[in-house]
Amino acid sequence: MATDVFGEIDPPQRLLMGPGPVNAHPRVLRAMSADLLGQFDPEMTAYMNEVMALYRPIFGTRNAQTFLIDGTARAGIEAALVSLVAPGDTVLVVNFGRFGLLLGEILGRIGAKIETVEARWGEVVPLDVIEDALKRVRPKVVATIHGDTSTTMAQPLEGFGALCRQYGALSYVDATATIGGMEIAADRWEVDVVSGGLQKCLGGPSGSAPITVSEAAAAHIFARRHVERGIARDDIDDGDGPRILSNYFDLAMVMDYWSDKRLNHHTEATSMLYGARECARVALQEGLERRYARHRAAGAAVTAGARALGLEVFGDDRHRMTNVTGLVIPTGVDGEAVRKRMREDFEIEIGTAFGPLQGKVWRIGAMGYNAAKHKVLITLGALETVLRMEGFTCPPGAGVEAALAAWNAELAA
Ligand SMILES: *Cc1c(COP(=O)(O)O)cnc(C)c1O
């Protein structure tokens, strides 16, 4: 019997206005279709070096160790934590949403002793609360999320890394949801490891996790270096520290692969590297300040538009991410029915929510290639129509008008 080969991939043209993934920039998709190269071809290793150079400004750092982890953003998180933390180490987790809980979950598997400072969903953790905990628990590592898409809140990080250093702790930040859309200032924040992903404000597909590692963190990780036997070399010495519990996510070996040593660890995901490289080029050509302003304008437009429709915006205004906005589902409106109509009638995806917010908020993202005025206006126009179809009364046209005014005001400011 002949095997069904199904159809050629031909997805509908959805506008992805949820918390990620979003539509990739066409230049990124084109870059990803380029021909492949051998792993140690000089053209390939030159591309790897270019990627390192391109991501330094995006992370706001001069860290030599700036590279890619092959895998989705979670791979970057896991690589950072498993390489920084050994079983029994005390780690302080700053938790204000689903991804803060994920840090705890990963650290639990590593066998860390976990201490937590928390905020209710929709709020962030004040720096003095983090300082009190640092004094009390004296952690080896402090881990936090920058923007937690589950709650749409952005943890303020000015002074965060310096505080951790003052108490002798290394710091880790998951910046997946903000990188390329809100400022990442690894050096100014004095944080040690920051990781991200492509599928949000960098406007690429998921599957590559840019990461940067400070000199102090790199020294700590290299002290745990145990090169696997099959690729061990005389010119690479092992350290005295406890072996890193993952082979694939062993940052000591991955950093040796990305260095002139070119340790033969994994095979770099070539097409993803092309994509990540183009994401960075697109962002830097636009200019990071302009790009952040564009995301601010998009967030301001969604917020103003939603309020003009009579919707409540979720969470603390002072700490809102600019690129994802939570809208409280009005009483009597079926949140899933709205999402279904948005998708089926308008080809627009908006996000649902998790945990305590499930069924209570929608999340609208305007990120990367989709943080565009017309895409925000089209989404709000569609939402207004759908809300009315679902029995919610709102002033006709008000959302789009308010959004347009907010967009223009933000960029004129
Ligand atoms: C979206 C998101 C991730 C996603 O991780 P993936 O492995 O790429 O699915 C991680 N962290 C945060 C804060 C996010 O918002």
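The values are calculated or read from the model by the stated rules, or taken from the named source; none is laboratory data. For clarity, every value in this text was computed on a predicted model and none was experimentally measured. We place every Cβ from the backbone using ideal geometry, glycine too, and count neighbours over all the protein chains shown. Please note that ligands, DNA and RNA were not included when accessible areas were found on the heavy atoms of the full protein model with its side chains. Shrake-Rupley method; radii C 1.70, N 1.55, O 1.52, S 1.80 Å.
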message: Among 311-322, 280-291, how do they line up by average Cβ neighbours within 10 Å per residue, starting with the highest?
response: 311-322, 280-291
query: So how do 358-364, 271-277 stack up, highest first, on mean other-Cβ count within 10 Å?
result: 271-277, 358-364
Length-normalised contact order for region 167-215 - Cα pairs under 8 Å, 6+ apart - percent: 35 percent
task: Could you check the simple spin-label distance between Asn264 and Asp240, using points 7 Å along Cα→Cβ, in nm with one decimal?
output: 3.2 nm
message: Can you tell me, using C-alpha contacts under 8 Å and at least 6 residues apart, the relative contact order of the chain as a whole percent?
response: 22 percent
- request: With just the Cα atoms of region 127-247, tell me how far they stretch along each of the three principal axes, in Å, largest first.
  value: 47, 41, 23
task: Run the dipole for region 277-406 about the Cα centre, Lys and Arg Cβ at +1, Asp and Glu Cβ at -1, nothing else charged, and hand back the magnitude in debye, nearest 20.
output: 440 debye
- prompt: Count the lysine pairs in the chain that are 8 or more places apart or on different chains: how many have C-alpha atoms under 19 angstrom apart?
  reply: 6
field: Arg233 paired with Glu123, simple spin-label distance in nm, labels 7 Å along Cα-to-beta-carbon
entry: 5.2 nm
- request: Please list, in chain and number order, the residues 5+ apart from Ser171 or on another chain whose amide H is under 5 Å from its amide H, with Hs placed from the backbone.
  value: Val142, Asp192, Val193
field: Ala372/Ala223 FRET efficiency (R0 56 Å; Cβ-Cβ; nearest 0.05)
entry: 0.75
- request: Report ³J(HN,Hα) in whole Hz for each residue of region 371-388, in order, from the Karplus equation J = 6.51 cos²θ - 1.76 cosθ + 1.60 where θ = phi - 60°; Gly and Pro get x.
  value: 7, 10, 3, 5, 6, 5, 5, 4, 5, 5, x, 5, 4, 4, 4, 5, 4, 5
- prompt: Packing-wise, with mean Cβ within 10 Å as the measure, how do 81-93, 130-142, 225-237 rank, highest first?
  reply: 81-93, 130-142, 225-237
query: Heavy-atom accessible area per residue, region 135-226, 1.4 Å probe: how many Å²?
result: 25 Å²
message: Compute a Gaussian network model of the chain, connecting alpha carbons closer than 10 Å, and tell me which residue from Ala223, Ala371, Ala154 fluctuates the most.
response: Ala223
Rounded FRET efficiency, nearest 0.05, which uses the C-beta distance separating Arg318 from Lys340 and R0 of 41 Å: 0.75
query: Between Met17, Met389, Met255, which gets the highest mean-square fluctuation from a Gaussian network model of the chain, Cα cutoff 10 Å?
result: Met389
query: Share of the chain's accessible area from carbon and sulfur, percent, 1.4 Å?
result: 52 percent
- line: Place a point 7 Å from the Cα of Thr385 in the direction of its beta carbon; the residues of region 323-354 whose amide N falls under 15 Å from it are 338-349
message: Can you compute the FRET efficiency between Asn247 and Glu50 using 1/(1 + (r/R0)^6), with r the Cβ-Cβ distance and R0 = 30 Å? Round to the nearest 0.05.
response: 0.65
query: Taking the C-alpha atoms of the chain, how large are the radius of gyration and the largest Cα-Cα span, Dmax, in Å?
result: 22.0, 73
query: Taking amide H positions as placed 1.01 Å from N in the peptide plane, with prolines and chain starts having none, which residues 5 or more places from Gln65, or on another chain, fall under 5 Å of its amide H?
result: Val213
query: How many nm is it between the label spots at Ala405 and Phe40, if each spot is 7 Å from the Cα in line with the beta carbon?
result: 6.5 nm
field: Electrostatic dipole magnitude of the chain [Cβ: Lys, Arg +1; Asp, Glu -1; Cα centre; debye, to 20]
entry: 660 debye
Selection from Gly230, Pro139, Met367, by position along the positive dipole direction of the chain (Cβ): Met367
Computed magnitude of the charge dipole of region 244-287 (debye, nearest 20; Cβ of K, R +1, Cβ of D, E -1): 60 debye
- line: Once phi for every residue in region 317-322 is put through the Karplus expression 6.51 cos²θ - 1.76 cosθ + 1.60 (θ = phi - 60°), the whole-Hz ³J(HN,Hα) values, with Gly and Pro written as x, are 3, 5, 10, 5, 5, 7
query: Sequence-distant or interchain residues sharing an amide H contact under 5 Å with Thr116, placed H: which?
result: Val93
query: How large is ³J(HN,Hα), in whole Hz, for each residue of region 195-211 in order, when computed from phi with the Karplus curve 6.51 cos²θ - 1.76 cosθ + 1.60 and θ = phi - 60°, using x for Gly and Pro?
result: 10, x, x, 8, 7, 10, 6, 7, x, x, x, 6, x, 9, 10, x, 8
